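The values are calculated or read from the model by the stated rules, or taken from the named source; none is laboratory data. A quick note: this is a predicted structure, and the numbers were derived from the prediction, not measured. For neighbour counting, all protein chains shown are included, and Cβ atoms are generated from backbone atoms with ideal geometry for every residue, glycine included. Protein only, heavy atoms only, side chains kept; ligands, DNA and RNA dropped before computing areas. Shrake-Rupley method; radii C 1.70, N 1.55, O 1.52, S 1.80 Å.
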Amino acid sequence: MARFTLKQGYDVPIAGDSNPEVVDGALATVASVRPADFIGIKPRLLVRDGDSVLAGTPLFHAKDDESQVFTSPISGTVSEVSGVVRGDRRVLLAVNIESDGKNEAVSFEPTSAAAIPGKSSEQLRETLVKSGQLALFRERPFGHVARAKHTPRDIFVSAIASAPLAPDPAVLVEGNEEYFQAGIDACAKLTLGAVHLSVPGTGSVCSAFSGAKNCQIHEFSGPHPAGVVGVQIHHIAPVRSRQDIVWTITVQGLIQLGKLFVLGRVSPEKIVSVAGTSALDRRYFRTINGAPLQNVIRGQVADETIRYISGDVLTGTDIGAEGFVGLYDDMVTLIPESIDSEFVGWMQPGFRKHSMFRTYVSPWLPKQKHRLDTKVWGGHRALFASDAYGKVLPMKMFPLFLVKSCMIQDIDEMVGLGIYEVTEEEMALCEYVCPSKTPVQKIIREGLEFLYAEA
Amino acid sequence: MRFIQDAFDKARPLFEKGGKLELLYPLFEAKETFLFVSRERTASGCHVRDSIDSKRYMASVIVALMPCLLFGIYNAGYQYLTGIAPGQPTDIHRCLWEGALRVMPIVICSYAVGGIWELVFSVVRKHEINEGFLVTGLLFPLVLPPTIPLWQVAVGISFGVVIGKEVFGGTGMNIFNPALTARAFLFFAYPAQISGDQVWRVVKDGVDGVSGATPLLVAAAQDGVQVVDRVSGAFGGWSNLFLGLIPGSIGETSTLCCLLGAVYLVATGIGSWRTMLGVLIGAFITCFLLNQACKDNTAINALPFCYHLVSGGFAFGLVFMATDPVSAAQSNTGKWIYGFLIGFLAIVIRTLNPAFPEGMMLAILFMNAFAPLIDYFVISRHMAWRMKRVEA
């Protein structure tokens, strides 16, 4: 077991924690599968409105690889295929499935948990690809969805919640310990190397994590982004080149993976926590992949203009009140939209301002949490250097220069400065603290896609 | 404050595209964002942002400059009163009043002329007015002697803003520190008023002058007395040099005030302590070596580091000029090297080059030019390390 203590980073002082009490969300009558979740894939549709599907029936496949299918999480009828016309092409946005309430699934061969290590990796892989559950994995470099043609060098899992208001993985895994271990066992067969599980270095670690077998356990402590898997990869076994492919999966992804092999069917159950000051009932809700946001917030919201975020406030997606929870997200955050302006705000002493820079009074006061809204807090300026980026990225890197190299699309520099080691997630705090209000995540994503398309 | 916001909302169409005053939109925008933090919502990436912005960032430097400005005003008055009639009462409010009469016109002139240039460029380029100017407009007067004619202030700041910054594309794109560029321009264009050896006191009524030498000039003189005795004798000891009640540029004389500014900048996380420490270490080592090598203890080479620290623009340059986030090196390793070389060069110019009594300004400008190169080397090494890792 290796221990890593990360110094750089910052915990955003946001109020609106959720209470770790797990309850049932509203029953999902509809589920949505959205190609936007699967970065790097161009979808080709396989179903039509009115088709009936089972959990595990393919809905679309990757244009460049027919074997890579994306499947329905529930059984029912395809109720809506929505798309948008861009230029002369139609882009698929979502496939919605109306539940028939029967919860029938395509059957794959069930394997007892104890038998998984004895299975051949080809057998496991075949089930994984056919069931569409390969999409539970994401790849580095590039942060795309895992591809069927790749075999990962290692597989990484973070069991640390450092993101703002993120749910406690120990609660998420409760009652599913067996499936979690089965998921790890399956992963160990899928990779050429090892499965790396990162656990918190401080406080007590639940036995499902500390006692996990068939994997290497690493302890990380420090402020956010210590729990971000890309940061952990950097310290454990960094991505060195374009061909050096590793996979990542979430704790709940591992549980679903374990269920797939043990039960022999696609099992979309997961827990989604509700956080943020605009949400009134902030607890953990049982729901499924692709469930509507309303199933977990159930209308319990403050009377104000709200931003509905699937994910955390740094990296999440604005999905609107009628949106669907993203496949990889285990939380939704509701925060107020910025509606007012502040008189000479930049001149105030700032007793209640959240800032990493100690130019305001509040960072000097005892730690307090703030009700944050979606204000940008200033104009966009040329990217001038401050030490800020380096202070929030615990990686041996030059984040400021990396962002600049992406802006000018200098491939040699991007690669030399370590673009393969990052995605938006690791760089999100740089964007948060940037005094020039540079859209760092957008720049990094565009840089990655540019690089991906070039070769 | 609702009614002000309403007034702005009402006037907005005039300045927006198609409005009568469309050309002046940057002015409108600057005024509005000066008064109100904008309502703009996050559109991509992070949904919440740190409440710092470039206005607050730059304003923090101005706060850090306040001790220097206030003391500079006091000192200008003090020097004036003691200069025109030794023995006059020099109580604090008289000093402040007389000092303000001489310093404030320079500050106002710098802000007004520089501000006009800033506006012209923002209108032509159609970008928002940059806050970096708030800092430049105050830094520049503080490195000028209180005797400077106002037309030179105007010419200087014009040069600094236009040639030092705007030709490169504005704040964030410039290679040289605009305030120092402006001062260097005056230094070389009008040496009589700024770099002569007897010009640092207040001129009475524009004609009769009472002047005094600066510590560095005293140190450079040769009269057979030990250099330390000569300097501390002329200025009432090291502690007086540290406090700054001596003739000199408006904001530069008090090392104590610069130190206060440094503490504020480092504590708030705005100024780079790496650069500052780098300069100190560079200057200290250079001084130490020169002192060791120097056999003649009457020469300036024998002047110990503690006197270099408190004389001329060393402390001011160290705290406020070298740490400019735009023109300094941007990598952490680069900041150490950049700072070290500034310290080294400043002392070398002061001691080994008889033409310039003051080395800090030239050292910083010189290193401004080299900062991208330093970063280039730091980054290249990092890239080489990464490439080696790929092959391993």
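Structure notes:
- Test for residue A:381: is it within 9 Å of chain B (Cβ to nearest Cβ) and in contact (Cβ under 8 Å) with a residue 24 or more places away in the chain: yes
- Subset of the range B:261-302 [open to solvent by less than 60 Å² (accessible area, probe 1.4 Å) and either touching a strand residue (DSSP E or B) at 6+ places or on another chain (Cβ under 8 Å) or of a type in the set (Val, Ile, Thr) (or both)]: B:266, B:268, B:270, B:275, B:279, B:286, B:298, B:300
- Unique residue being touching a Pro at 6+ places or on another chain (Cβ under 8 Å), open to solvent by less than 20 Å² (accessible area, probe 1.4 Å) and at positive phi when the list is A:222, A:290, A:276: A:290
- Residues of the range B:1-34 classified as outside any helix (DSSP H, G or I) and more than 13 Å from chain A (Cβ to nearest Cβ), total: 6
Okay, residues lined up against (1) small (Gly, Ala, Ser); (2) over 18 Å from the mean Cα position of the chain (by Cα); (3) open to solvent by less than 20 Å² (accessible area, probe 1.4 Å):
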residue	(1), (2), (3)
B:23	no, yes, no
B:35	no, yes, no
B:39	no, yes, no
B:42	no, yes, yes
B:48	no, yes, yes
B:69	no, no, yes
B:79	no, yes, yes
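- Of note, residue B:329 satisfies the criterion of being open to solvent by less than 30 Å² (accessible area, probe 1.4 Å), closer than 24 Å to residue A:403 by Cβ, aliphatic (A, V, I, L, M) and touching a Lys or Arg at 6+ places or on another chain (Cβ under 8 Å).
Each row is one residue, and each column tells you yes or no for (1) out of contact with any strand residue (DSSP E or B) (no Cβ under 9 Å at 6 or more places or on another chain); (2) among the polar types (S, T, N, Q); (3) within 27 Å of residue A:181 (Cβ to Cβ).
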{"site": "A:64", "(1), (2), (3)": "yes, no, no"}
{"site": "A:77", "(1), (2), (3)": "no, yes, no"}
{"site": "A:103", "(1), (2), (3)": "no, yes, yes"}
{"site": "A:119", "(1), (2), (3)": "yes, no, yes"}
{"site": "A:131", "(1), (2), (3)": "no, yes, yes"}
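- Residue within the range A:289-303 that is free of Cβ contacts under 8 Å to residues at least 40 places away in the same chain, of a type in the set (A, V, I, L, M, F, W, C) and within 14 Å of another protein chain (Cβ to nearest Cβ) present: no
- If you go through the range A:338-361 and keep only what is open to solvent by 10 Å² or more (accessible area, probe 1.4 Å) and not in a loop (DSSP other than H, G, I, E, B), you end up with A:342, A:343, A:346, A:347.
- The selection criterion, being touching a strand residue (DSSP E or B) at 6+ places or on another chain (Cβ under 8 Å) and more than 14 Å from residue A:228 (Cβ to Cβ), does not hold for residue A:389.
- Selection of the range A:27-71 for residues being among the hydroxyl-bearing types (Ser, Thr, Tyr) and under 17 Å from residue A:98 (Cα atoms) yields A:29, A:32, A:52, A:57, A:71.
- Total residues in the range A:37-50, condition part of a loop (DSSP other than H, G, I, E, B) and open to solvent by less than 60 Å² (accessible area, probe 1.4 Å): 6
- Extreme residue, surrounded by the most Cβ atoms within 10 Å (Cβ to Cβ), among residues of the range A:105-117 that are among the polar types (S, T, N, Q) and within 17 Å of residue A:180 (Cα to Cα): A:111
- Restricting the first member to the range A:236-247 and to residues that are closer than 18 Å to residue A:455 by Cβ, and the second to residues that are among the hydroxyl-bearing types (Ser, Thr, Tyr), the beta-carbon pairs closer than 7 Å and six or more apart or on different chains are A:239/A:420; A:241/A:420; A:242/A:420.
- Selection status of residue B:175, more than 22 Å from residue B:67 (Cα to Cα) and either more than 14 Å from chain A (Cβ to nearest Cβ) or in a helix (DSSP H, G or I) (or both): no
- Lone qualifier among B:107, B:135, B:103 - being outside any loop (DSSP other than H, G, I, E, B) and modelled with pLDDT of 95 or more: B:107
- Failed item in (1) part of a strand (DSSP E or B); (2) open to solvent by 20 Å² or more (accessible area, probe 1.4 Å), with residue A:94 passing the rest: (2)
- Screening the range A:331-369 for residues that are under 33 Å from the mean Cα position of the chain (by Cα) and among the charged types (D, E, K, R) and picking the one that is farthest from residue A:306 (Cα to Cα) gives A:358.
- With respect to being open to solvent by less than 40 Å² (accessible area, probe 1.4 Å), under 24 Å from residue B:99 (Cβ atoms), of a type outside the set (Val, Ile, Thr) and outside the structural domain of residue B:187 (by TED's automatic domain parsing), residue B:249 fits the description.
- Criterion (in contact (Cβ under 8 Å) with a residue 12 or more places away in the chain, more than 14 Å from chain A (Cβ to nearest Cβ) and of a type outside the set (Val, Ile, Thr)) met by exactly one of B:317, B:334, B:339: B:317
- Condition met for residue A:308 (within 24 Å of residue A:439 (Cα to Cα), assigned to a strand (DSSP E or B) and open to solvent by 20 Å² or more (accessible area, probe 1.4 Å)): yes
- Summed over the range A:254-295, residues that are touching an Asp or Glu at 6+ places or on another chain (Cβ under 9 Å) and assigned to a helix (DSSP H, G or I) total 7.
- Candidates are the residues of the range A:312-337 that are within 9 Å of chain B (Cβ to nearest Cβ) and either free of Cβ contacts under 8 Å to residues at least 24 places away in the same chain or open to solvent by 30 Å² or more (accessible area, probe 1.4 Å) (or both); the one that is farthest from residue A:228 (Cα to Cα) is A:318.
- Unmet requirement for residue B:299, which otherwise passes all of (1) over 26 Å from residue B:145 (Cβ atoms); (2) modelled with pLDDT of 90 or more; (3) of a type in the set (A, V, I, L, M, F, W, C): (2)
- You will find that of A:389, A:432, the residue that is in contact with a Cys (Cβ under 9 Å, 6 or more places away or on another chain) and either more than 7 Å from chain B (Cβ to nearest Cβ) or assigned to a loop (DSSP other than H, G, I, E, B) (or both) is A:389 and no other.
- The residue list B:324, B:375 contains one member that is buried (at least 24 other Cβ atoms within 10 Å of the Cβ), among the acidic types (Asp, Glu) and at pLDDT 90 or above, which is B:324.
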